[in-house]
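> The structure's right below; bear with me while I get my questions together.
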Amino acid sequence: MHYDIEATARPQGAGWDIGAFEYVGGPAPPVAEFSGNPRVGNAPLTVYFTDLSSGNPTSWYWTFGDGGESYDQHPVHEYQTVNSYTVSLTAENAQGQDTETKIGYITVTDQNCHVGAIDMANAGPPNYKAGATITVHDQDCVALAGVTVDITWSGAATGSDSDVTDEYGQVTFVSERNKAGGTFTCCVDNLTKDGYPYNSGANHETCDSITLP
């Protein structure tokens with residue numbers, strides 16, 4: 001009877017021992033690896049974890065750094081508290097196990113943005129038009145650049161507009177003209193910036209008006 005064995009010759013000193021072979025291949029313990037997405041965000045933060053282990057593991061044990069754990073291959077975990085979390089995965093098969101630990105892998109924040117001020121001004125002549133300079137703050141009331149601001153004009157001029165705050169956290173909008181003048185009102189509808197959800201409840205003001213002339 002003949003058996004096919006995957007093997008390779010083992011060198012002996014300066015030559016080759018053609019009668020000696022080393023076993024190559026066959027079952028082996030897994031090598032644990034994983035990813036998580038997203039890795040940074042505001043609480044509550046839902047993270048989708050993906051097992052990337054090689055070696056055909058048959059069981060998985062996760063710890064998420066906040067006391068949570070899972071035996072799923074691709075678990076979903078929700079973080080409730082602002083902190084940095086270390087995540088660990090142990091992958092196992094019949095040949096053994098391996099553990100991958102990533103320190104500070106998930107960061108849960110409390111970042112947000114809100115309207116710090118709406119400053120109205122006369123933007124004419126000719127005729128009458130209003131200007132609104134809007135300042136956006138982060139959760140620490142520090143001016144925040146790169147925020148998309150959506151506004152609506154009402155009263156003596158109507159319409160909507162959108163623009164992005166500059167390095168000083170400010171953006172200026174100008175209304176349409178009104179020959180007769182009147183009261184021009186600007187309201188912020190929404191603020192958008194990745195990682196900084198709009199916290200309208202923290203707005204210093206949401207609408208402001210100016211009457212011209």
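> Wrap a convex hull around the Cα atoms of the range 138-194, take a quarter of its surface area, and give that in square nanometres.
Computing the convex hull of the Cα atoms and averaging its projections yields 4.3 nm².
> So how far apart, in nm, are the two label points at residue 71 and residue 31 if each is 7 Å from Cα heading toward Cβ?
Rounded to a tenth, the inter-label distance reads 2.8 nm.
> Sticking with this structure for a sec: So what does the Cα-only Debye profile of the range 113-212 read at q = 0.22, 0.25 Å⁻¹, as log10 I(q)/I(0), no solvent term?
Relative scattering, expressed as log10 I(q)/I(0), comes to -1.01, -1.22.
> Find the all-direction average of the projected area of the Cα convex hull for the chain, expressing the result in square nanometres with one decimal place.
Convex hull of Cα atoms, orientation-averaged projection: 21.7 nm².
> Of 42, 143, 95, which is farthest on the positive side of the dipole of the chain, counting Cα position, with +1 on Lys and Arg Cβ, -1 on Asp and Glu Cβ, and the Cα centre as origin?
Farthest along the dipole direction, towards plus: 143.
> Per 0.36 nm of contour for each residue apart, how much would the distance between residue 46 and residue 103 grow if the chain were fully extended, relative to their Cα-Cα spacing?
That works out to 18.7 nm of additional length.
> For residue 82 and residue 179, what does the FRET efficiency come to when R0 = 41 Å and r is the distance between their Cβ atoms, rounded to the nearest 0.05? Can you show the working numbers first?
Details: r = 53 Å, r/R0 = 1.29.
Taking R0 as 41 Å, the efficiency between residue 82 and residue 179 is 0.20.
> Say R0 is 22 Å: what FRET efficiency, to the nearest 0.05, do residue 168 and residue 200 get from their beta-carbon distance?
0.55
> If we count other beta carbons within 10 Å of each Cβ, what is the order of 45, 89, fewest first?
45, 89
Every read-out reported here was derived from the displayed coordinates using simple, explicitly stated rules and does not represent laboratory data. What you are looking at is a predicted structure, and each value in this text was computed from that prediction instead of being measured. Heads up, the Cβs are rebuilt from the backbone with ideal geometry, glycines too, and the neighbour counts pull from every protein chain shown.
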